[in-house]
Amino acid sequence: MDVLADPQRVDGIQRRIKQVLLDMDQLEQAHKSAKMVDTADAGRLYPRTIKRIDEVYEKLAHVDALVELAPTTARRLQTLARLHADASGVVARVARVQSEQESVAEEIKNMREVTEGLGTSVRENEGTLKANVAHLDARIAALSDRLAALSK
């Protein structure tokens with residue numbers, strides 16, 4: 001498929017096909033001239049050549065069909081090459097988005113862990129803070145009582 005997508009290779013193929021067609025035209029002319037020669041002379045002089053000419057002439061129909069398909073196939077392959085390039089770009093973008101999504105998911109996971117740790121720490125500190133406030137209240141109450149006793 002890559003061969004037909006490359007314009008230089010298509011040109012090379014077309015040149016070779018044209019050369020084959022020229023060779024086949026020459027063979028066809030030789031075949032016609034061989035038929036014009038006396039059958040006995042032609043059979044005696046060119047039996048192998050005539051057989052080869054006949055075989056090549058039969059294959060000509062197949063080659064003609066392929067030659068007609070070559071430009072259309074080349075255009076299709078060029079279109080497909082562009083589509084494949086676009087698809088490759090889309091795949092790269094999807095991979096990039098997927099990578100970013102995985103990165104964001106990892107960050108969210110880390111933030112959850114930090115938040116849970118922060119919540120645990122706040123709950124622990126809340127208990128310590130309540131104990132400290134209770135202790136301070138007790139000291140303030142004791143100082144108040146002492147001040148009240150001194151002022152009497």
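The values are calculated or read from the model by the stated rules, or taken from the named source; none is laboratory data. Remember, predicted model here, so these are calculated numbers, not experimental data. Neighbour counts run over all protein chains shown; Cβ positions are idealised from the backbone, glycine included. Just the protein is used for accessible areas: all its heavy atoms, side chains included, with ligands, DNA and RNA removed. Shrake-Rupley method; radii C 1.70, N 1.55, O 1.52, S 1.80 Å.
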Practice item. Whenever you get a sec, compute what percent of the accessible area on the chain sits on carbon and sulfur atoms (1.4 Å probe). Key: 58 percent
Revision key, fill the gap. Which residues qualify? For D6, with a placed amide H closer than 5 Å and at least 5 residues away or on another chain, they are none
**Study point:** Equivalent ellipsoid semi-axes - Cα gyration tensor, the stretch 78-149, angstrom
**Key:** 68, 8, 4
Exercise for review: Considering Cα pairs under 8 angstrom that are at least six residues apart, work out the relative contact order of the chain and quote it in whole percent.
Suggested key: 29 percent
**Study point:** Pair A131, A148: separation of 7 Å Cα→Cβ label points (nm)
**Key:** 2.8 nm
Practice item. Would you mind working out the accessible area per residue for the chain, using a 1.4 Å probe, and quoting it in Å²? Key: 85 Å²
Check your understanding: Roughly how many whole Å is it from the C-alpha centroid of the stretch 134-152 to that of the stretch 42-113?
Key -> 94 Å
Exercise for review: Give me the compactness ratio for the chain, meaning the Cα radius of gyration over 2.2 N^0.38 Å.
Suggested key: 3.16
